[in-house]
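This report concerns only the one structure given below.
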There are 2 protein chains.
Amino acid sequence: MSAVGTIQATAPQPEAARRIDPDPGALVEAIRAGDVRACARLITGIERGTPGLEPVLRELYRRGGRSRVVGVTGPPGAGKSTLIDRMIGGWRARGATVAVLAIDPSSPFTGGAVLGDRLRMGSHGGDRGVFIRSMASRGQLGGLARAAGDALTVLDAMPWDVVIVETVGVGQNETDIMRHASVVVLLQTPMGGDDVQASKAGITEIGDIFVVNKSDHPDAARTARHLQEMIALSHRLHLERPWVPPVVKTRATEGEGVGELIDRIGECFQALEGGSSFARERRLARVRHRVGEILREQFEKRVSDDGSRWLDALLDPILRRENDPHTVADQLFARMKH
Amino acid sequence: MSAVGTIQATAPQPEAARRIDPDPGALVEAIRAGDVRACARLITGIERGTPGLEPVLRELYRRGGRSRVVGVTGPPGAGKSTLIDRMIGGWRARGATVAVLAIDPSSPFTGGAVLGDRLRMGSHGGDRGVFIRSMASRGQLGGLARAAGDALTVLDAMPWDVVIVETVGVGQNETDIMRHASVVVLLQTPMGGDDVQASKAGITEIGDIFVVNKSDHPDAARTARHLQEMIALSHRLHLERPWVPPVVKTRATEGEGVGELIDRIGECFQALEGGSSFARERRLARVRHRVGEILREQFEKRVSDDGSRWLDALLDPILRRENDPHTVADQLFARMKH
């Protein structure tokens, strides 16, 4: 594919680099203290691929981890924005502060679909306990899910009680992004008979809590029943799981069901994020994914010095068909063990 | 995220495993001889994540590499299917055989969008020099781009002269899939003034050849001009590239411009896939991506034996916030060097 080797030459933007605080320690402290302007600048740097942010991200990761990171995804038109607006209101009423990271995985050649952040603030404009930020690919190849992980590291190091990460459900991407969340809410729209049947069983692997929005729709009850059947089936395959995903019916435009949804999210955190070995395995799987994601990006990078010539020498026999990608990946994996 | 740790327990399907030829050598020979039924079964196995296919894929990779792998992508409604149908006809008229791998990155909860393979055969039904196969995520988390790479390894080991890999352009996914192709054709629809301005500069990094389809549309000329300007700008940033992407106008429904497109693809292969150091760097970037993709999947896998406990022990300090993902990824990358 074109220019995979040279994309790094254009992606980092010098003015963005200059706008990042030159003192990592001061930036970390500002983020930790809840400085939203510092946060916004740092996320812009992550989005643009500004080099040199790793020391800040390392430190923020080690000092973070107190927020509850909730993923919200679902197909276009399911009412995600309205529901999230109501969820923010629900948490605010309970005294919790909320940040939202809205990820737009849309193609660089079809343009963005996420509403402007200021518009998205909606009823929460002027509330300092709410922060909304969207993030798009800006035409870079690769790395949006990794960048989303870095942005969540930033938000999670701030004093937000709840951090929502949102994507529109249009493919593999949103599942990769949802892996950064501790608890995933999967939103569904009421579906007619054929569509219900066509919805794939895989969705029960993605969500911890299912929401059928537009609960006043004639197909809502049937859709909820179908989801419950699929969840029950999936649970019989995975009896070791200490949590059976509930199906919550909401009518986000009226705020109906939102309180129940917030209660279920709290219960899910209790069941899945405690000290059990199941909870530990879940967290470990998330970390495995995150490290694998960063490692993969290392492979993409063309370094200008000779820092990866050793790797090219290892990959050269693949070009000559004397070796193959699976064998080399196995060899590299084995080397990591030592 | 839910069940990342246990998804492997459900994904492999025993009946699929049984349907794969138990003798890897015989299967490799059948594929090499152009047995389309063996090919279809093997791709189904790849799609389902059937275990034990690696020995076959390793051997096929080493013995393949003679096909020209062309990527075709673009937004929904741009006319990809019609154009590909015409391209197949063009290559067939020149005596070349053609296989098509159509990747459907649609969400597991919105259902597939790719037409049935038999329907897609269209005017080429009954032509043994044409093979069309679609591939979807089937609700598995992760791995669609990696699976597409494996399927291309299979097709590339067969006697097809041209292998087309097609995705609908809806996000990060299609760029990941396009990285498996040697030459990428990016299809655009004529756009109005605002849309043209909104199309992001990043697209010039993705395509080697641009096509404005529906060339009889009043906005076609303006869209082509805008693309040419963006390409010229990008070329000034990358003067080392021996190829300036052309913009080809087509009217796929009438077959107009398709011959010119096929000529341009041939020229692009000559310019970019020869023995120059630029060509070598491009191929190396593809292989880096491919190995990184497989390696990342190794990270995702939960192995039932103790094969990855050493990794979990290394990741454990991340859970305790005594270490962080970036540092551990750097450490693992450094270990690979030795």
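The values are calculated or read from the model by the stated rules, or taken from the named source; none is laboratory data. Bear in mind the structure is a predicted one, so any value in this text is a computation, not a measurement. Because the Cβ atoms are built from the backbone with ideal geometry, glycine has one as well, and the counts that use them run over all protein chains shown.
The residues on offer are A:ARG321, A:ARG283, A:ARG296, and the sole one that is surrounded by fewer than 22 Cβ atoms within 10 Å (Cβ to Cβ), at the interface with chain B (Cβ under 10 Å from one of its Cβ atoms), under 18 Å from B:ARG290 (Cβ atoms) and not small (Gly, Ala, Ser) is A:ARG321.
Return yes or no: is A:ARG128 more than 24 Å from A:GLY207 (Cα to Cα) and at pLDDT 85 or above? Answer is yes for this residue. A Cβ distance below 7 Å, combined with a sequence gap of six or more or placement on separate chains, defines the contacts here; from segment A:37-63, residues that are free of Cβ contacts under 8 Å to residues at least 60 places away in the same chain reach residues that are among the hydroxyl-bearing types (Ser, Thr, Tyr) in the pairs A:ARG58/B:THR327. Of the helices (runs of 4 or more DSSP H) lying entirely inside segment B:239-338, those containing at least 2 residues that are of a type in the set (Asp, Glu) and in contact (Cβ under 8 Å) with a residue 60 or more places away in the chain span B:277-300. With respect to the conditions (1) of a type outside the set (S, T, N, Q); (2) over 20 Å from B:ARG286 (Cβ atoms); (3) in a helix (DSSP H, G or I); (4) not assigned by TED's automatic domain parsing to the domain that holds B:HIS217, B:LEU83 lacks only one, and its number is (4). Here segment A:302-318 is the region considered, the condition is being modelled with pLDDT under 90 and more than 9 Å from chain B (Cβ to nearest Cβ), and the residue that is surrounded by the fewest Cβ atoms within 10 Å (Cβ to Cβ) is A:ASP305. Among the residues of segment A:86-118, just one is crowded, with 22+ Cβ neighbours inside 10 Å, in contact with a Ser or Thr (Cβ under 7 Å, 6 or more places away or on another chain) and either away from chain B (no Cβ under 14 Å) or at pLDDT 95 or above (or both), namely A:ALA102.
Just a yes or no: is a residue in segment A:24-31 touching a Lys or Arg at 6+ places or on another chain (Cβ under 8 Å) and part of a helix (DSSP H, G or I)? Give the steps one after another, and end with the answer.
Start the filter on segment A:24-31 by keeping residues that are touching a Lys or Arg at 6+ places or on another chain (Cβ under 8 Å), which leaves A:28.
Among the residues that remain, those that are also part of a helix (DSSP H, G or I) are: A:28.
Within segment A:24-31 (the criterion being touching a Lys or Arg at 6+ places or on another chain (Cβ under 8 Å) and part of a helix (DSSP H, G or I)), the answer is yes, since at least one residue qualifies.
If you take just the helices (runs of 4 or more DSSP H) that sit entirely in segment B:132-220, which of them hold at least 3 residues that are modelled with pLDDT of 90 or more?
Numbers: elements: B:144-156, B:172-178, B:193-198, B:203-206.
Those helices (runs of 4 or more DSSP H) span B:144-156.
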